[in-house]
Structure formats: C-alpha cells, structure tokens
Amino acid sequence: MTRTDKENYYLDIAETVLERSTCLRRCYGAIIVNNDEIVSSGYNGAPRGRKNCIDCGICIREELHIPRGERYEMCRSVHAEANAIISASRKEMIGASLYLVGRDAKTGRYVEQASSCPMCKRMVINAGITRVVIRDDKTTFRVVDVKDWVEHDESLAGVFGY
C-alpha cells in the first residue's frame, strides 16, 4: 500500500464534502486547512431555509442555457468556497490553503479547468487564504498562489490599460 500525499489527502476530503452538494449542474466541495488542521468545509447549495435545486428539480441556469462562467447571479447556490469561508474565523484563515474539487452532477466527471468564480476569488483574497489547490483528476491538481489573483485583477480587464 502506498501512502497518499498530503495534497491528495485533503483533496479527497474536499471530494467527500462535495457529496453534500445540492446542485443539479456542478457539485463542488471545499475545505480550508491551516497548520495541517481542517478549519472548515463547504459545498454548493441554496442558502439555509431555501429550497435546493435538487428539491425543485430544476436548474434555472440550465433552463436558460447560461454557459459556464456567466451570470452567477442566476444561480440559487452559495458556492463551496463561500460556505467554507462563512464557517471559519478570519484568524483561522490567514495563511491557510483552500482545497477545491468539482464534479459534473450528471456524469460524475471532474470539472475541467475548475476554478473559483470572480466573487469567490475576492472572498478568498479577503479571507487571507494564500493558496488554492484544485483537483484536475484523481491524482493531479493545480496550485494557485492567491497573490496571482491580486496582481492579475480580472475585474479590471480592458480598464486602465490592464
């Protein structure tokens, strides 16, 4: 038996968390880890007290044929990263890593080139998280230095010469 490396260990836990997702389109799980301790976890689903998409039986973004990466305000869900951040104190997140795994709800395949949406990126930055580790397949992943999200501000694309 071979021992799982630490990055995949935490990604496996985030992948287990995504099994609680209530989205009919994409299931995401996230955990925040600091000093080798899990600080919090989150998955995507409707806000507390509201009906989940799996309960309604409809994904409005799918019904309206909204492409991936667009019109997030039409989604009922709070994203996995946001839910993990909401569940942690800022002091526990400063210098932490966020582990993120996404799967297609219908096929079960990993989401290709998964990434945090622009709003979640801003929350990750403000939370003080320094790295985001994103699973590409069962054993490979990408590590994003959050400083890159700060320095390459996509909200300024085409503005002020950026």
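Every number in this text was worked out from the coordinates using simple rules, so none of it is lab data. Keep in mind that this is a model prediction, so the values were computed, not measured. Note that we place each Cβ from the backbone using ideal geometry, even for glycine, and neighbour counts take in every protein chain shown.
Between amide H atoms placed 1.01 Å from N, distances below 5 Å from Arg26 occur with Ala105, all of them 5 or more places distant or on a separate chain.
Cβ-Cβ distance of Thr139 and Met74, R₀ of 41 Å, FRET efficiency by 1/(1 + (r/R0)^6): the value works out to about 0.75. When you filter the trypsin sites (Lys or Arg not before Pro) in the stretch 20-73 for DSSP loop state and at most 13 other Cβ atoms inside 10 Å of their Cβ, you are left with Arg48, Arg50, Lys51, Arg68, Arg71. Three principal axis extents of the stretch 79-141 based on alpha-carbon atoms, in descending order, are 37, 20, 18 Å. Summarising the overall dimensions of the stretch 5-88 from its C-alpha atoms, the Rg and Dmax are 13.8, 43 angstrom. Scan the chain and hand back the longest stretch that contains none of the GluC sites (Glu not before Pro) lying in DSSP loops with at most 14 other Cβ atoms within 10 Å. Formally, the longest exposed-site-free interval is 1-69. Here the convex hull built on the C-alpha positions of the stretch 106-158 has a volume of 106 cubic angstrom per residue. Over the chain, the pair-distance histogram of Cα-Cα distances with 5 Å bins from zero comes to 2, 9, 18, 21, 20, 15, 9, 4, 1, 0, 0 percent, rounded to whole numbers. Straight-distance candidates among the lysines for linking to Lys138, with alpha-carbon spacing under 19 Å and chain neighbours fewer than 8 residues away dropped: Lys6, Lys106.
Any idea what the relative contact order of the chain is, in percent, if you count C-alpha pairs under 8 Å spaced at least 6 apart? The value is 23 percent. Taken about its Cα centre, the chain carries a charge dipole of about 460 debye when Lys and Arg each add +1 at the Cβ and Asp and Glu each add -1 at the Cβ.
Structural size metrics of the stretch 30-76, computed from C-alpha coordinates, are Rg and Dmax of 14.6, 43 Å.
Under a Gaussian network description of the chain, with springs only between Cα atoms under 10 Å, the residue in Ile31, Ile134, Ile86 that fluctuates furthest is Ile86. Note on the chain: antiparallel DSSP beta bridges, both residues inside, total approximately 85 percent of the bridges counted. The alpha carbon radius of gyration of the stretch 58-102, expressed as a multiple of 2.2 N^0.38 Å, is 1.51. The phi torsions of the stretch 122-138, fed into the Karplus equation with coefficients 6.51, -1.76 and 1.60 and a -60° offset, translate into couplings of 5, 5, 4, 4, 5, 6, x, 5, 9, 9, 10, 10, 10, 6, 9, 8, 4 Hz, rounded to whole numbers, with Gly and Pro shown as x.
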